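Here is the structure we will look at, set down as C-alpha cells.
The values are calculated or read from the model by the stated rules, or taken from the named source; none is laboratory data. Not measured: the values here are computed from a predicted model. Virtual Cβ from ideal backbone geometry, glycine too; neighbours counted across all protein chains shown. Protein only, heavy atoms only, side chains kept; ligands, DNA and RNA dropped before computing areas. Shrake-Rupley method; radii C 1.70, N 1.55, O 1.52, S 1.80 Å.
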Amino acid sequence: MAVYTEVSDTALAGFLADYDLGQLLAYKGIAEGVENSNFLLHVAAGFFILTLYEKRVRASDLPFFLGLMEHLSARGLVCPQPVKTRQGVLLGTLASKPAAIVTFLEGVSTRMPTVAHCAALGAALGQLHLAGADFPHERTNDLSMSAWPNLFAQAEDRADSVEPGLADFLATELSALAGLWPQSLPRGIIHADLFPDNVLFLGDDVSGLIDFYFACTDFLAYDLAICLNAWCFEADFSFNITKGKALIDAYQACRRLTDEEAAALPVLARGAALRFTLTRLVDWLNVPPGALVRPKDPREYARRLRFHQQTTGAQNLGLTR
C-alpha cells in the first residue's frame, strides 16, 4: 500500500455519496507498500479501506480481483470484501483513478516473522490455493518470466548506480533462468504478493490476507516460492531453514506438493527473487516526485537471489519428504 494520489475532502465526500456508509468522520493515507494509493476511512458504518488503482494495475483487471475476493471469502478465507454502492456497483472513479472500497480487517502485520507466523502463513496459503480451485476466471501473470526482460530493459542503464555490477549480474541470471524455468506444473489462482505486510495476525493466528491486486493464474508452487523469499530470510540475509520447514510443512498439510513441484522449488524461489529484484529496481529508479511512498531496496532481493544460486535442492529450503 502507498499514497501516490492525494484526495481532497470534497472529492472524497462526493465519492462516498454513492455508498450507504454514513458520514465521513476521518481518513488518512497509508504509506506502506509500493503499488496503489490507499486510505483508511472512518465513516459512520465503521472502518474501511479506500484504494485508488495506479501503476501496474489495469482497470480491466479489477473485476477479476474484486470477484476473487468475494469468491475466496465465500469459501471461508478471511480477506477484504468489496463494498457495493447503492446501485450495486463495486468500482468507481476518484481523482481520475479507478477506485473501490473494501472492508477493514482486524489484526496487525509482522515485521519480524517467527516460526509460528511462518507456519500460520503456510496453512493460509494452502487454504487460499484450495479455495481458489473452482474460481471460474483466469488472469495471466503480467510479471511472469516473459515480462522480466522488459523490466530489466527499463533499468539496465542505471542498475549499476544502485550496486556496481548489478546490470551484468541480472543479465546473466535472466539468461540462466530462461533455460531452467519449468514448463508444466500444477496451476491455479495465486496471490503472487503475499509478503508480511499483506498478512494480518492476531497473536500467532492469521486474521486476514489482503492486497490481492497481483493475483493471477500461475504455478501454485511459485506462490510458495514467493513466500519462502518474503518470510524466511533473516536481517543478515541468511535463510532460516527452520522457518522454511514450518512454512512448507503447514502448506503441505493443506495441499501436498507433487514430486515435480518439489524438484522445481529451488528454481521457482530463484525466479521469485529475480522478479522482485527487477520490480523493486524499476520502482527504486522511478519514484514519482512528491509521492508518499517508501521504495523497497532491490539489493535485498539480489542478496536472496545469490543464496538461491548456491542451493543444491529443495532440502536447502526446508522441504522434507
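Listing for the model above:
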item: Residue check, Ala99 of a type in the set (A, V, I, L, M), assigned to a helix (DSSP H, G or I) and in contact (Cβ under 8 Å) with a residue 24 or more places away in the chain; result: no
item: Any chance Asp197 is closer than 16 Å to Val78 by Cα and open to solvent by 30 Å² or more (accessible area, probe 1.4 Å); result: yes
item: Arg299 being under 20 Å from Arg111 (Cα atoms), surrounded by 21 or more Cβ atoms within 10 Å (Cβ to Cβ) and modelled with pLDDT of 95 or more; result: no
item: Enumeration of residues in segment 248-270 that are out of contact with any His (no Cβ under 9 Å at 6 or more places or on another chain) and under 14 Å from Ala119 (Cα atoms); result: Ile248, Asp249, Ala250, Gln252, Ala253
item: Failed condition for Asp61, given (1) open to solvent by less than 30 Å² (accessible area, probe 1.4 Å); (2) of a type in the set (Asp, Glu); (3) part of a loop (DSSP other than H, G, I, E, B); result: (3)
item: Qualifying residue in segment 161-173 (condition: touching a residue at least 40 places away in the same chain (Cβ under 8 Å), crowded, with 19+ Cβ neighbours inside 10 Å and among the acidic types (Asp, Glu)); result: yes
item: Residue match in segment 264-279 (condition: of a type in the set (Phe, Trp, Tyr), at pLDDT 95 or above, touching a strand residue (DSSP E or B) at 6+ places or on another chain (Cβ under 9 Å) and not in a loop (DSSP other than H, G, I, E, B)); result: no
item: Residue list for segment 77-98, filter: more than 16 Å from Phe212 (Cβ to Cβ) and not hydroxyl-bearing (Ser, Thr, Tyr); result: Lys84, Arg86, Gln87, Gly88, Val89, Gly92, Leu94, Ala95, Lys97
item: Filtered residues of segment 219-251 (kept if within 18 Å of Leu77 (Cβ to Cβ) and surrounded by fewer than 23 Cβ atoms within 10 Å (Cβ to Cβ)); result: Ala250
item: Filter result for the condition that a residue is open to solvent by 40 Å² or more (accessible area, probe 1.4 Å) and among the acidic types (Asp, Glu), over Glu70, Glu54; result: Glu70
item: Residue in segment 178-187 that is of a type outside the set (A, V, I, L, M), more than 14 Å from Tyr222 (Cα to Cα) and touching a residue at least 40 places away in the same chain (Cβ under 8 Å) present; result: no
item: Close pairs from segment 258-274: first closer than 13 Å to Phe219 by Cβ and of a type in the set (Ser, Thr, Tyr), partner open to solvent by 10 Å² or more (accessible area, probe 1.4 Å) and modelled with pLDDT of 95 or more, Cβ under 9 Å, at least 6 apart; result: Thr258/Leu185; Thr258/Pro186
